[in-house]
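Worksheet: one structure, shown below.
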Amino acid sequence: MNGCPIVGGRVPLHGPEFQTDPAALYRAMRAEHGPVVPVTMEGGVPAWLVVGYRELHQVLTETDVFQRSSERWNSWDLVPPDWPLSPLVMRSPTILYAEGAEHRRRSGAVNDALAAVDAHELRTNVTRMADRLIDEFCASDGVDLRTAYAARLPAQALGWIYGLDDAGGDHLAEVMTTMIDGGPDTMKARESLIGLMADIVTRRRAAPGPDLVSRMLAHPAGYTVEEIILELIVVLGGGNQPTSEWLGNALRLMLTDDRFAASIVGARSSAREALNEVLWEDTPTQIYAARYAVHDVQLGGTSIRGGDMLLLGLAAANHDPDVRSAPTAAGDRGNHAHLSFSHGAHGCPYPAQEIAEAITITGIEVLMDRLPDLELAIPAHELRWRPSPWVRGVTSLPVTFTPAPPRGAH
């Protein structure tokens, strides 16, 4: 790629490059604009995309200069009616947009509730759920792993953490996917999700249990019913789709990369390597919204006005040539200095990272144990990535295998 498309001096955050080769597009952006790129989102709404690793680290850590509340945004008047990206910047009282003491109150409750998830119990239930999902297709000789497995297992696990059964987790996944995809049904899906969470909260208030919802209701942070409904949606959204894409992208890597071919049966040793490499090369969350400049500031040699939106270019920063060497053998990049979980006060809570890793590793191990001769059903170059600047994941992952009898997991 010799350059990146420019409209009115800004790079549009849409187009086939985000599907075919986003890394090359980020290189072109960096070459033409430096570490901070002027961009337009859907509807021509302007923002800055931070693609430099050091600059992004600065934005994530200097909370006195770059804050989280979209109340500060200076371009609300440019947002079109029914803007599909509204859920990304919506002004709502949640941990995502809170600042200062209010953010500490909310993050403390979320961290405590997530940290109380028993690791052994989680792995046991994820194993059970994985076996049940595999039972649905193992007697055939092929399946789309994305729709039948990777897109369902994390939702069922999160549903269990919320105190739901597998069917409830599946329904949550369907609604969440519709909302995050940013299509015409985005706002309708959001309202449906609010209704689902309200029903869960009502039931947990009447009959508390050993689940995240009950723990948050009882937390000293003192959530109101209205507050906790929106907070539960935030926690679910932050865990479901990124974990699904993380699992799917790791499976894609293990099925297409010769470095993993010899060890795919020994998935227990290679799963962590694949998952870590995916966070560097094809991180599920490519771009994340957003931070807002508290006042006029210089960032990476670019003048940012107070109230400007800065989009977090997590994938681009991970590919910044100033902070990384060329890819080598699988697993050589053992450090976790990537920014795929963001960083700082608003980064992904550490207990949430541990939960996501447990789900993905268990999902890979169980699948490879059950179907050890799993192979990609089409040439690797025919796989297609989702056409989104925000999320990185394949549209499908068709595989073949020797049919195996169901285990009748419950």
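Quick notes on this one:
- Qualifying residue in the range 170-183 (condition: charged (D, E, K, R) and farther than 30 Å from F401 by Cα): yes
- Residues located in the range 357-382, provided they are within 19 Å of E277 (Cα to Cα), among the hydrophobic types (A, V, I, L, M, F, W, C) and surrounded by 14 or more Cβ atoms within 10 Å (Cβ to Cβ): A358, I359, I361, I364, M368
- Enumeration of residues in the range 236-261 that are among the hydrophobic types (A, V, I, L, M, F, W, C) and free of Cβ contacts under 8 Å to residues at least 24 places away in the same chain: A261
- Among the residues making up the range 209-252, a single one is outside any helix (DSSP H, G or I) and among the aromatic types (F, W, Y): Y223.
- Near pairs, Cβ below 6 angstrom, 6+ apart or cross-chain, from the range 156-167 (of a type in the set (S, T, Y)) to any residue that is surrounded by 21 or more Cβ atoms within 10 Å (Cβ to Cβ) and part of a helix (DSSP H, G or I): Y162/L212; Y162/V213
- From the list R215, R204, R190, the lone residue that is in the same structural domain as E121 (by TED's automatic domain parsing) and touching a Ser or Thr at 6+ places or on another chain (Cβ under 7 Å) is R204.
- The requirement of being in the same structural domain as R27 (by TED's automatic domain parsing) and either assigned to a loop (DSSP other than H, G, I, E, B) or modelled with pLDDT of 90 or more (or both) is not satisfied by A274.
- Selection status of I228, crowded, with 18+ Cβ neighbours inside 10 Å, under 21 Å from P349 (Cβ atoms) and either among the aromatic types (F, W, Y) or modelled with pLDDT under 90 (or both): no
- Cross-chain or 6+ apart pairs with Cβ under 9 Å, the range 65-81 first and over 20 Å from G43 (Cβ atoms) and not assigned by TED's automatic domain parsing to the domain that holds P184, then surrounded by 14 or more Cβ atoms within 10 Å (Cβ to Cβ) and of a type in the set (S, T, N, Q): V65/Q58; F66/Q58
- Annotation: D257 fulfils all but one of (1) in contact with a helix residue (DSSP H, G or I) (Cβ under 9 Å, 6 or more places away or on another chain); (2) more than 19 Å from E365 (Cα to Cα); (3) modelled with pLDDT of 80 or more; the unmet one is (2).
- For the range 188-219, the set of residues classified as out of contact with any helix residue (DSSP H, G or I) (no Cβ under 7 Å at 6 or more places or on another chain) and either touching a residue at least 60 places away in the same chain (Cβ under 8 Å) or of a type in the set (S, T, N, Q) (or both) consists of T202 only.
- Options R104, R54: the member that is farther than 30 Å from E191 by Cα and out of contact with any Lys or Arg (no Cβ under 7 Å at 6 or more places or on another chain): R54
Let's see how each residue does on (1) modelled with pLDDT under 95; (2) surrounded by 17 or more Cβ atoms within 10 Å (Cβ to Cβ):
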{"site": "I6", "(1), (2)": "yes, no"}
{"site": "Y26", "(1), (2)": "yes, yes"}
{"site": "G34", "(1), (2)": "no, no"}
{"site": "G44", "(1), (2)": "yes, no"}
{"site": "L49", "(1), (2)": "no, yes"}
{"site": "E62", "(1), (2)": "no, no"}
{"site": "L88", "(1), (2)": "yes, yes"}
{"site": "R91", "(1), (2)": "yes, no"}
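- Any hit, the range 294-312, residues being in contact (Cβ under 8 Å) with a residue 40 or more places away in the chain, under 30 Å from S75 (Cα atoms) and part of a helix (DSSP H, G or I): no
- Condition broken by A130, with the remaining ones in (1) buried (at least 19 other Cβ atoms within 10 Å of the Cβ); (2) aliphatic (A, V, I, L, M); (3) modelled with pLDDT under 95 satisfied: (3)
The values are calculated or read from the model by the stated rules, or taken from the named source; none is laboratory data. What you see is a predicted model, and the numbers here were worked out from it, not measured in a lab. Note that each Cβ is placed from the backbone with ideal geometry, even for glycine, and that neighbours are counted across all protein chains shown.
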